[in-house]
1. Counting other C-beta atoms within 10 Å, and keeping those with at most 11, which DSSP coil GluC sites (Glu not before Pro) do you find in region 73-158?
2. List the lysines whose alpha-carbon lies under 24 Å from that of LYS100, not counting same-chain residues fewer than 8 positions away?
3. Would you mind computing, in nm to one decimal, how far apart the modelled labels at LYS129 and ASN55 are, each placed 7 Å from Cα along Cα→Cβ?
4. Can you list which of the chymotrypsin sites (Phe, Trp or Tyr not before Pro) found in region 109-154 are DSSP loop residues with at most 11 other C-beta atoms within 10 Å?
Amino acid sequence: MKIIISILFVGLSLISLNCSKESVSPTEGYSISGKVLSKGEPVEGAIISINTSPNLKTQSDSQGDFKILNVPKGNHSLTVSKDLAKGAFTERTTLVTVEKNVTIGNLILPVGVQLFEPESVTDVSLLLKWSPTDASDFREYKIYQHKIPPGLTNQPEH
């Protein structure tokens, strides 16, 4: 009888030990997942980041799907961006409250603005044209000028 009780005790101790190992393992945080679309199509290679943190960053796959793990509880800025052809890009930021795992239906990236080649270029003026965006919350275009003094070039010296 003592042998049976000892075996039963050892067996229960092992079961208890295994259960306690699993229950002690704390979760690192929650996940945020979703799909990135533009013009109704999945966007591959979009960069998704939380609070611009390098540790909370991922890329969308060929279906536009993404998942970020280990997101702490709280309010966060979720930024989705995509570099486009000819130096253009598109970006959207959304506020997300995390209290459990979050699945975002569709994140819609606006159509990126494309700057066309300048026309009617003179020493004092030029004509700029660009494509419109479809972002409903679009606020402004910003144009920057970079001057290069005569005799200098943009090319790095070797």
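What follows draws every value from the coordinates through simple rules; no lab data is involved. This is a predicted model, so every value here is computed, not measured. Please note: Cβ atoms are built from the backbone with ideal geometry, for glycine as well, and neighbour counts cover all protein chains shown.
1. GLU99, GLU140, GLU157
2. LYS21, LYS35, LYS57, LYS67, LYS73
3. According to this spin-label approximation, the distance is 5.0 nm.
4. Sparse-neighbourhood loop chymotrypsin sites (Phe, Trp or Tyr not before Pro): PHE116, PHE138, TYR141, TYR144.
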